[in-house]
Amino acid sequence: SVTGDYLQTEGSLLLEIDGATTAGTDYDLLDVTGNLTISGGSLDVVLLTYVPVLNDSFDVLDSLGTLDISGATINLDLAVLDASLAWDTSQLGVDGTLSVVTAIELGDFNADGFINSLDSDIMKGNWLNALVASPVLNKDGEMTDDGIVDLDDFALFRQILLAQPGSASASAVPEPNS
């Protein structure tokens, strides 16, 4: 715990995870009563021997003030999870949390298990909008990790959609007999 502000401008901060029950015991937690700022150096998060399961959440950074890690080089040495699971790192710079979630197939923006017109509607709704606040890959139509839903995302979505079994393909349609 740090009373007051924490400011890192160089060097590295190492946080280790070896369980999911208790912050500070099973996994490291930098708990700051003021502002937590990493404006240089690196933030290194390492998973040791613990095998994460669905809904595990690790609050590794906590601040009563602002949390700003935008200047840090983030190094995440996390386990490769079962194919049905994925790491959600989108909140690390927001509230200091890493979580284990259900893996979502690329292009399934609404996470309903299907890639279809409902997903394309999400993509269309965010067309050319810069997702500055917290762009998350495979959410809101963002598939190429560039922070904006654009033609690159549409091309990848189209490729995935057409590769699905039973989808309309770009093959030639036979002409009717005369």
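The values are calculated or read from the model by the stated rules, or taken from the named source; none is laboratory data. This is a predicted model, so every value here is computed, not measured. Cβ sites come from the backbone with ideal geometry, for glycine too, and all protein chains shown count toward neighbours. Heads up: the accessible areas ignore ligands, DNA and RNA and are worked out on the full protein's heavy atoms, side chains in. Shrake-Rupley method; radii C 1.70, N 1.55, O 1.52, S 1.80 Å.
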Task: J(HN,Hα) series, the range 111-123, from Karplus relation 6.51 cos²θ - 1.76 cosθ + 1.60, nearest Hz, glycine and proline x - done: 6, 9, x, 10, 9, 8, 5, 5, 6, 5, 4, 5, 4
TODO: For the chain, build the charge dipole from Cβ charges (+1 Lys, Arg; -1 Asp, Glu) around the Cα centre, then report which of Ile160, Tyr6, Gly19 sits farthest towards its positive end.
DONE: Ile160
Task: Cα-based Rg / Dmax (Å) for the chain - done: 20.7, 85
Open item on the list: Suppose we keep just the DSSP beta bridges with both residues in the range 29-129; what percent of those would be antiparallel, to 5?
Closed with: 40 percent
TODO: Could you do me a favour and compute the accessible area per residue for the chain, 1.4 Å probe, result in Å²?
DONE: 58 Å²
TODO: Please give the contour-minus-distance gain from Asp77 to Glu105: 0.36 nm per residue of separation, less the Cα-Cα distance, rounded to one decimal in nm.
DONE: 7.8 nm
TODO: May I ask for the net charge around Ser57, where only other residues with Cβ less than 11 Å from the Cβ of Ser57 are counted and Lys, Arg are +1 while Asp, Glu are -1?
DONE: -4
Open item on the list: I'd like the carbon and sulfur percentage of the solvent accessible area for the range 30-105, probe radius 1.4 Å, heavy atoms only, ligands and nucleic acids excluded.
Closed with: 53 percent
Task: Beta bridges per DSSP with both ends in the chain, % antiparallel, nearest 5 - done: 30 percent
Task: Distance (nanometres) between label positions extended 7 Å along Cα→Cβ at Asp26 and Arg158 - done: 4.7 nm
